Structures are given as C-alpha cells and as structure tokens.
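The values are calculated or read from the model by the stated rules, or taken from the named source; none is laboratory data. These numbers were taken from a predicted model, which means no experiment stands behind them. Please note: Cβ atoms are built from the backbone with ideal geometry, for glycine as well, and neighbour counts cover all protein chains shown. With ligands, DNA and RNA removed, areas are computed over all heavy atoms of the protein, side chains included. Shrake-Rupley method; radii C 1.70, N 1.55, O 1.52, S 1.80 Å.
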Amino acid sequence: MRRLALLSLALLVPEAAAAQNFGSAVAARNGEMLIGQPINEYALGMVHVYRRAADGSWKHATELSATDGTPLDRFGRSLSVDGNRLLVGSTSIDESRGAAYVFERNASGQWSQVAKLVAEGSVAGESYGRKVLLQGDVAYVAAWGGNESRGSIAVFQRQADGSWAQRGAVGAGDLEPRDFFSSAMDVRGDLMVVGAMQKDSARGAAYLFRKDASGAWKEEAKIIGRGLVRNNQFGSEVMIVEDGLVLVAAPGADFSTGAVFAFRYADGTWTEVARLGPLDGARQARFGTTLTAVGNEVWVGAPGADQSGAIYRLARGPDGRPTSATKLTNPGADRGDALGAAVALAGDVAVLGLPGDDFGAGTALIVDRAGGFVRGPKIWAEDKGLEALTGAKKECGTGHKVATFDCSDVDLLSFLPIKSLGGARGVSLNDVWGWTDPSSGREYALVGRIDGTSFVDVTDPGNPKYLGDLPKTEASPASAWRDIKVYKDHAFIVADGAQHHGMQVFDLAHLRGVRAPQTFKPDAWYDKIASAHNIVIDTASGFAFAVGGSSGGETCGGALHMIDIREPKSPKFAGCFADKSTGNQRTGYTHDAQCVAYHGPDATYAGRQICFNASETAIGIADVTDKATPKPISHASYPNVAYTHQGWLTEDQRFFYVNDEGDEASGKVAGTRTLIWDVTDLDDPVLAGEYVSENKAIDHNLYVKDNFMYQSNYTSGLRIFDVSDPKNPRPVGFFDTRPVGNDDPTFAGSWSNYPFFKSGT
C-alpha cells in the first residue's frame, strides 16, 4: 500500500457561532464587566473580566474557566452576577449534561471557583446552564434539553458551610417534547415567570409561578399573547418589571419584527394590557430578544434592526406604560453585528454584546450612560487556535498521531492556520482547489475564505508560502460557501448567499514571481448570475456550469447556468438546463455536478458533453452538448435520501460515487454513507451498493484519482479509500484535521480536498 502525504491548509468551522461566542452573554457589576466567550476550539470556554482603571479606561483583568473544563464545553454560555458572586453556565460539559459554576470575588478582587452545580438525575444531552439566574444565596439553572427538550429549572441553595445543594426543580404541567421551557426566566420575591418559546409549534408560552409557605414554586397561570402564530417564539425573553407587571417577548412576531407583551395581575387573573413594537417598525428587527430594566426605562434588544442591531429605550410612567422611546445604535456597525443580543448595566455604564461582529467571533462595547451614551472601547479576545507546523515532514507513526492530529498512513507535510492565510479574526475557510503553472511546474493552492480567496505556493509543501488575497466582490456579504475551479490558467470564483457577487475571473499568471503578500483584483466579472453555490468546469470543452443560483440574475431554477469560458476574460451566457423532476422545490435545483466529455461504456453518448448532477433529492444525468436544447437523460433516487450533495466519477466513467449531506445528521443511516452508482447505462443508473463507515461524521466533497477516493468528512477529516474494486471501497488511510471533539455528525472540520497535483501532495 502506498503512503500518502497531506498539506493541511486550515480547519473549517461553518457552524455560525454568532449566537454563542464572545459577547453572547454579558454581566456587569460596579467597576467590572464580565463577558462570555463560550466557544474555543482549542481552549476552554472563558469569561473575560474587564476592570475600570483610575483614569476611567477599561483593562482586561483576567479570564475565568472551569477547573474541570474542556475545549468546546460552552463555559460562559450564560452569566448572572450578584454582588461578589458570579454564576456561569456551561452547557456542553460532561457530554452535554451541563452544569453551572459559582465563583466568588475576594477582598483583593480575585475571582475563584467555589462550587459546581449539577442537577440531580441529569443525563447527557440535557444541557443545564443554558440560562442561569443568581439571587443572593439562590441559583436557578435552566436546561432546555431536559426530558426530550421539555425543559426544566433546577433550584440550588447555598448552605451555612458555603456548599450548595439542590432544593427543588421547576416545571410546567402541560409540557411536551421540544417546548424548551426555561428559554427565559426571571424571579422577583415570590413571583417567577418562565418562557417556553418553542411550545405549540414555536408560537410560545409563558408560565407564572408563586412560592408557597414551604418555599416550593407552584404554577399559577399560563399566558400567551393575543394574535400570535407559529414561529413567533413568545417566551424567548421575560422580565418582571414589578410585582404584578411582567413583560414577555416574542421576537419572531410579525415576520420577525418582534413584539413585547405586558401582562398585569389583578383580581386573581393575568391580563394582557399592552403590546409594544419597534418605534420605527423595523422589519426583521427581532425586537424583544433581550429585556433589561434601567431605572424607569426598559431596554429592548433588537439585534436584527437596521441589519446591524439596535436597542430601543422605552421610558415608562407610573402606570407602567411607555411614555417615550428612543433608539440606541452603533454608527458604522456592520451587517450582522447583532447589537442588542446581550445587554448588561451597572450604575451608569453598560456593556453591549455584539456576538455577530468579526464574522461571528464577537466583540462588545462599553458605553457610558452618564455622558449621553458615549461610546467607549470596543473589546474582544483573540481566538485561541493551533500554530503553524512547517519544515520537515511529520510522519504518522505507530502511535497514529501527528502533533494533535489523529492519522493512519497519511503523513503531514505542513499545516497553516487561517491567520497565516490572510484570514482576519472570525474568518473561516470553505473550498479549496489547485493550479499547476504550465510554464514552471509550480503548484498553488486556491483557498476559499468567507470573505475572499487566498493563494498559497505549495511547491515546497513543507514550507508553503502565502502570496495574497483576492477579496470578495465589493458590497457582497461574507459567505460560508465559496467555490473555485480553474480553466486555461484562470480561476473562476462564485459564492452562495452573497447577494450580487457574480463570478470573479482571475488570471493566475499574476501569482508568478510574487515575493510578498498582495491584494489582487479580478481580471473580469461575470454578472449574469448573482449568487451561486458552486462552479463546475468541463476543461475539455471550455464551458462552466454555475449551480445553486439565487439572489437574482439568471438563476436557471437553481440548476445548470451554462457559461462559455473559452475566452476566460470574456465569459458569455450559453443557456440553462433544469430537470424539474428533481430538487426539493421541483425546479431542478442542483447543488453540485461533474460535467465531462463522455468516454464511458455507453456508446450512445460517446463524445457528448454529459453532466452528472447532485440535485437534493436524486442524482440526474443530462446531455448538455447543445446548449440551446439540453436534454435530461435520467434521474434516480435511493433509500433514506436526505440531501443528495455531490459526487465524482471513476476515471473509466463506469461508477459515480455520491455523498448525501443530510443522512448522517438526521439519523437515517448508522454511519458515514457513500452511495455507489453503476452508470454503465446512462439511461438507467443503478444503485450498485452503499459503503457505510463505522465513523459517524457527515460526508462532504469527494474526488477520485487513479484507484483512490478522497473524501472530506467534516469532523473526521480526510478519509481515503481504495476503489480498485469499485463496488467495495476499502479504507486505506485517514488524517483527522479537527483534533477536538468527537466525530459527531456536525458541520465542522474538513469541507474539501484537492488530490490532483502531479507531485502527489
């Protein structure tokens, strides 16, 4: 068996962290701001402590983590501070059993962990700590995942000796699976209000409880705002304004404009007395995502307002009704920053989380209320990641390990983290392709980022050299999906969900002789498409096929948008093809494809241009030789289809290997599944078999070279199979590019790979 070597350019984390990372949870006490950073791939979850110096500036003082913490433990997912005591939720600790940690601050200002609160009888997956509330010697710890996601709240009491013990639990009487009871909670005296935002198809509900003489919480009422429908998420946030007056938010109301409902208690009944919305009617504002009391004001967070977020300040009169409203924004903020997603105040200072800033890495603002909300410092913490590994080849030895990476029969030539590829804070990668310069034989990696494309000279794979950046099309948003292919020494680049990004054309000759990293510009721009999920090129014919088109332009139903690129800098629209019997919406939507000059066993189509399409619900085969009248040949589905994603032909074009991106995560299959299609007869493709791995990861892009299939399987990294017996793939090597967590079916890890360099890298 031959040994394989790998150049690893970076790790992909396409999961959006904008609701979970730095600034997603904040707390404040006099002179201190506490900011959660629950997601660190290679470090523990953290809470960062900032203190006000004598000159009024804010300095990073320390960072807190759990003494038994682990990477991805989500420590810092929720925070609550009361005096010199801090409660921190950690939802993923102990196999997502979850816990809350109590910290205390001593006279010298040092925080130290004094207790770990674990609910009685809790089991893996319950995620205690998603919300926490600390009031003196009582701690409330919520679990959205408990009891089939019905949800619950564990109540803990501090004992005379300083220890903590559970003193009961709170739940509602009519809870059903996935209600998410405890999505929000507030307590004031003997009154408790709890949200269940997913109840009744996410219409939502809220529950009122009273504490009886024994100290137990008894359900008093269930309330629902008038006029709400499914997905309004009533109960996402709650607040007790005063005894007998509560606010309950429904940020999904009115097509996610959002609303906040006021309920007053009188004569033994809770009655809706007001419905509040954003004063300017901002669409998609998600008004009510957070509620914070500030003197005689209520601050309502709306992280979707104006696309970057806002806080609405509602002043209230003696009867509790609003008397005036103003809007607090962040001038110069970027789309998706999510101002208003997390808010905390202490005295005249507020800390405002911006968890969507820096592509979801998150930041926070400290503002001075006394000076008319003067913007203070913008703060953040650098992501902790792996450092570059370059120089000599690092062999995968008998321990099946290279540095922190698990492996088998694949050696590491080098590793470059995203920061070494021109990626700013929060940037993640997506696709990768390659180019060999015909004039010099030098090899280059073309690496997609969410905000552009990086170029890396990998001729000396032990010492790769970053050459520069081609930014995304100006004014287009960052995109988790960018795809690159090469024809006639030009790169063709598209992005999905990127508004009017179009197709960039870049002459790769610009990379010759580059000595220091540069910022490049495209040589041409094709505007007949706006967004596209992928770009497919048949290099024999000089035609490109944009698939998954959206956001405008000629989308071709999301199927094949055909482009003549025989003159690379002058691309021309050539036509559309869509087989409307495929795709979830029956428009023919095609997620990915391979288009070839056909030389396979079916003599009927010899020499024709044939596209093999992965179209969500099925594979499809089409003859697109005549761009004016392309014709479907056949399509076929298979058992337990979830999302037909991508595929690649064997070199003799007899078999088509296909991955389904949804079957593992949905539980339709026991392990990573590869579908093996016999396409000897193009009119009648036959599912010849399935290879199901013991691994549980989601499969993504796969490619075939010689008798080997190279699969990028998200959390399990690169997996390599001998397919010399096409119906019976045999695993021969792997390199796990994501050395943290389990190989669970989640969207993080290796997205793609490029096995076509002549060097064998």
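Listed values, structure above:
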| quantity | calculated |
| --- | --- |
| Number of the exception - Ser214 against (1) touching a residue at least 24 places away in the same chain (Cβ under 8 Å); (2) within 30 Å of Gln166 (Cα to Cα) | (1) |
| Verdict on Leu328 being touching a Lys or Arg at 6+ places or on another chain (Cβ under 7 Å), open to solvent by 10 Å² or more (accessible area, probe 1.4 Å) and free of Cβ contacts under 8 Å to residues at least 60 places away in the same chain | yes |
| Odd one out for Tyr589 among (1) part of a strand (DSSP E or B); (2) touching a helix residue (DSSP H, G or I) at 6+ places or on another chain (Cβ under 7 Å) | (1) |
| Checking His400 against (1) at pLDDT below 90; (2) open to solvent by 60 Å² or more (accessible area, probe 1.4 Å), the condition it does not meet | (1) |
| Residue check for Tyr589: more than 23 Å from Asp496 (Cα to Cα) and either among the acidic types (Asp, Glu) or open to solvent by 10 Å² or more (accessible area, probe 1.4 Å) (or both) | no |
| Number of the exception - Pro377 against (1) closer than 18 Å to Val248 by Cα; (2) touching a residue at least 40 places away in the same chain (Cβ under 8 Å); (3) surrounded by fewer than 24 Cβ atoms within 10 Å (Cβ to Cβ); (4) not charged (D, E, K, R) | (1) |
| Every pair of residues 6+ apart whose Cβ atoms lie under 8 Å, when the first sits in segment 21-45 and is surrounded by 24 or more Cβ atoms within 10 Å (Cβ to Cβ) while the second is outside any strand (DSSP E or B) and among the basic types (Lys, Arg) | Pro38/Arg74; Ile39/Arg74; Asn40/Lys384; Gly45/Arg74 |
| Count of segment 61-118 residues which are among the polar types (S, T, N, Q), surrounded by fewer than 16 Cβ atoms within 10 Å (Cβ to Cβ) and under 27 Å from Leu352 (Cβ atoms) | 3 |
| Condition met for Val458 (of a type outside the set (Ser, Thr, Tyr) and within 25 Å of Arg566 (Cβ to Cβ)) | no |
| Selection count, segment 163-206, where residues are over 20 Å from Ala100 (Cβ atoms), surrounded by 15 or more Cβ atoms within 10 Å (Cβ to Cβ) and touching a helix residue (DSSP H, G or I) at 6+ places or on another chain (Cβ under 7 Å) | 3 |
| Any chance Pro739 is assigned to a loop (DSSP other than H, G, I, E, B), modelled with pLDDT of 95 or more and surrounded by fewer than 20 Cβ atoms within 10 Å (Cβ to Cβ) | no |
| Residue check, Asp678 open to solvent by 10 Å² or more (accessible area, probe 1.4 Å), among the acidic types (Asp, Glu) and under 23 Å from Gly620 (Cα atoms) | yes |
| Within segment 119-153, considering residues that are in a loop (DSSP other than H, G, I, E, B) and hydroxyl-bearing (Ser, Thr, Tyr), the one most open to solvent (accessible area, probe 1.4 Å) | Ser127 |
| Selection count, segment 159-179, where residues are part of a loop (DSSP other than H, G, I, E, B) and touching a strand residue (DSSP E or B) at 6+ places or on another chain (Cβ under 8 Å) | 9 |
| Within segment 490-507, tally of residues that are over 13 Å from Gly549 (Cα atoms) and either small (Gly, Ala, Ser) or under 24 Å from the mean Cα position of the chain (by Cα) (or both) | 2 |
